[in-house]
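FYI, it's all coordinate maths here, none of it is from the lab. Just so it is clear, the model here is predicted, and its values are computed rather than measured. So basically every Cβ, Gly included, is an ideal-geometry build from the backbone, and we count neighbours across all protein chains shown.
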Amino acid sequence: MATMTHDIAVRRRLRSGLICAVVSASSFGLSGPLARGLMNAGWSSASVVAVRVLVAAAVLAPIAAVQLRGDWHLLRRDASLITAYGLVAVAGTQLAYFNAVAHMEVGVALLIEYTAPIAVVSWLWLRHRQRPGAATVAGALLGTTGLVLVIDLHSGLDTSWVGIAWALAAMIGAAAYFVLSAHGDGTLPGTVLAAGGLLVGGLALLVAGAIGIVPLHATTNAVVFQNFTLSWWPPVLALGTVTAALAYVSGIAATRMLGSRLASFVALFEVLAALTFAWTLLGEAPRAIQLLGGVLILTGVVVVRRGEPTDHGPETTRAD
């Protein structure tokens, strides 16, 4: 009876983790097209990131305060984790990604960024001796093949090496996001980690802009998408609430339930979501070979999932 109860709990945890991961990936997938619209309207990439994360921090701060229940010592104890999360996983990753989409198609930039699962697997293997199984390796190869097909460099696509460099930087940040999200003993609520990291990342960008490291400028120009035009504030509100607040909280929850390795592969769904949103909002239609690549990516995710241990819990890895 105890074994059956345990199995049911594990399945429920897996199901909940997968749902959170898909919600997070879909929400993140909307960020690139919305950001591109704002940048086309005259916003700098750093301004888009700063506004996005600060709006999200404002949304999550009251919830985080309630969840802390007066245990403010948790903030002091996990200050290094929150700071690293804010500077690397939030500000650094988003700034690199939005700079990438300023130089290349949204889908291609995201696909380069989402070679991150390979970096996560490598990190867990080298740093924590968590050697990947045959299914994980096979899934990674399928996913990588899918990424190559979706990038489709031989179709006449205008390749920007500056964009590729920014996308690779975003890949490193994305890998750090999955590792840091799974960090800890579970006493720091995910909403608190997200709110604190978003606040740290947003303030860091404002400071960087104030001293001239990154350009901060925004406009009130209308934001033009493929078939409609909006005022500047609906995309900003959606970026903060949907693509940041919802995306980060659900992403942290998914990673803690699934572990950083499986969560990073399930998050490849963001690639397909971004391609769909970019097609709808920006008219960037995927080519047939890219659709084939998307199928291989999803197949790789399924293979990795089948190769994961049944009783997987969140890794308590340290990012130091």
- Taking the Cβ of Trp279 as the center, what net charge do the other residues with Cβ under 14 Å away carry, scoring Lys and Arg +1 and Asp and Glu -1? 0
- Message: Which residues among segment 41-61 fall inside the zone where the amide N is under 19 Å from a point 7 Å beyond the Cα of Phe228, along Cα→Cβ?
- Response: 41
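In percent, what relative contact order does the chain have, based on Cα pairs under 8 Å that are 6 or more apart in sequence?
So the answer I get is 39 percent.
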- Item | Correct choice for Kirkwood radius over Cα pairs in Å that was computed from the model, options (1) 21.7; (2) 23.4; (3) 19.7 | (3)
- Note on the structure: Within the under-11-Å Cβ sphere about Pro189, not counting Pro189, Lys/Arg +1 and Asp/Glu -1 give a net charge of 0
- Along Cα→Cβ, 7 Å out, is where each label goes; now give me the distance between the ones at Ala61 and Ser16 in nm to one decimal. 2.9
- Give me the distance between the Cα centres of segment 162-237 and segment 34-70, rounded to whole Å. 7
